[in-house]
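Okay, structure first, notes after.
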Amino acid sequence: MLDFEIKSILGEKYKNGFFEKASSLSNILHKEGILVFNSFISPVGLIKIQKEAAILKPNSFKSSSEYNVYVSDYDDNFPPESPRNRIMSTTKKCIPNDLIPKGSILQKLYDSSYLKNFFCELLSKDNLYPYEDSLSSININYYDKGDALGWHFDNSDFTITLLVKNCIKGGIYEFFNDIRYKDGKEDYAFVERILNNEVYGTKVDSFEGDLMIFKGNKSIHQVTAVEEGERILVTFNYNEKMGVSLSEKSRKTFFGRI
Ligand SMILES: [Fe+2]
């Protein structure tokens, strides 16, 4: 059963029976590469989470990272400007999990076995586990004016996010569903067209309180630069295996420590 406190901050539609529909939603996720649960958090719940996030922000770590869209090492078989090696960048601020109070709503949402079972069923996973390290399971990401997330494929095959605060202008999530491989090989030609702005992806209209699940390792995605206001996005990060830590390199980059 849904814990009373979690129920009290969920949007109307999610309070009764909704989570039993995982199997039909799973098909949509598989086909579309994305599921958006509009107003997953109620307006009252949202205010609480926004307050928590605002209090924590002064302690966030500001990072700038550069990578290629495959988030992997430089490949000498390709020139630097090729889609394989071209440099993308991300700037943001981040609060790692160990700075989020144990009693916070975000922590309760993350730990809820009811929600976790729902995610497992949606994603056809036997189980989902938190990160072994104390930093990586829940992250609060802050994007201020000029901050952006460059084009990339994720390493993990799914990502779960909660939009806590939306900016006024910019900060738009854009993706191309399931375009990564052609005839079983990386489709560099198509990625090149994306990076050259010759084709445009699906832009998602996101609203505060929306929970989003997407298949980021086959769907290239970006978030355009924030032009006005502040965007706060929480990521709930789970692993399929117990005892996995985020790499030291990634922890150093996004949290400034390991
Ligand atoms: Fe991503």
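Values in this text are rule-based calculations from the coordinates and carry no lab data. Everything quoted here is computed from the prediction, not taken from an experiment. Cβ placement follows ideal geometry from the backbone for every residue including glycine, while neighbour counts extend to all protein chains displayed.
Kindly check whether there is at least one residue in the stretch 78-97 that is touching a Leu at 6+ places or on another chain (Cβ under 8 Å) and of a type in the set (S, T, N, Q).
Scanning the stretch 78-97, I find at least one residue that is touching a Leu at 6+ places or on another chain (Cβ under 8 Å) and of a type in the set (S, T, N, Q), so the answer is yes.
Have a look at Glu240, Glu174 and point out the one that is without any contact (Cβ under 8 Å) to a residue 60 or more places away in the chain and either within 12 Å of the ligand (Cβ to nearest atom) or touching a Leu at 6+ places or on another chain (Cβ under 9 Å) (or both).
Glu174
So which residues in the stretch 211-235 are in a loop (DSSP other than H, G, I, E, B) and more than 23 Å from Thr91 (Cβ to Cβ), if there are any at all?
Listed by number, the residues that qualify are Lys215, Lys218.
Out of the residues in the stretch 1-14 meeting the condition of being more than 16 Å from Phe118 (Cβ to Cβ) and exposed (fewer than 12 other Cβ atoms within 10 Å of the Cβ), tell me which one is nearest to the chain's Cα centre (by Cα).
Per the criteria, the residue is Glu12.
Of everything in the stretch 137-161 that's under 12 Å from the mean Cα position of the chain (by Cα) and assigned to a loop (DSSP other than H, G, I, E, B), which residue is nearest to the ligand (Cβ to nearest atom)?
The residue in question is Asp154.
Answer with yes or no whether Asp111 is farther than 21 Å from Glu248 by Cα, more than 16 Å from the ligand (Cβ to nearest atom) and touching a residue at least 40 places away in the same chain (Cβ under 8 Å).
Taking the combined requirement at face value, the residue does not satisfy it.
Surrounded by fewer than 18 Cβ atoms within 10 Å (Cβ to Cβ) and within 25 Å of Glu174 (Cα to Cα) - does that describe any residue in the stretch 45-58?
Yes, there is a match, as at least one residue in the stretch 45-58 is surrounded by fewer than 18 Cβ atoms within 10 Å (Cβ to Cβ) and within 25 Å of Glu174 (Cα to Cα).
Can you tell me which residue is surrounded by the most Cβ atoms within 10 Å (Cβ to Cβ) among those in the stretch 15-44 that are more than 30 Å from Met88 (Cβ to Cβ) and in contact with a strand residue (DSSP E or B) (Cβ under 7 Å, 6 or more places away or on another chain)?
Here the answer is Ile41.
Among the residues in the stretch 122-135, are any under 18 Å from the mean Cα position of the chain (by Cα), touching a residue at least 12 places away in the same chain (Cβ under 8 Å), more than 24 Å from Ser219 (Cα to Cα) and crowded, with 20+ Cβ neighbours inside 10 Å?
Taking every residue of the stretch 122-135 in turn, at least one turns out to be under 18 Å from the mean Cα position of the chain (by Cα), touching a residue at least 12 places away in the same chain (Cβ under 8 Å), more than 24 Å from Ser219 (Cα to Cα) and crowded, with 20+ Cβ neighbours inside 10 Å.
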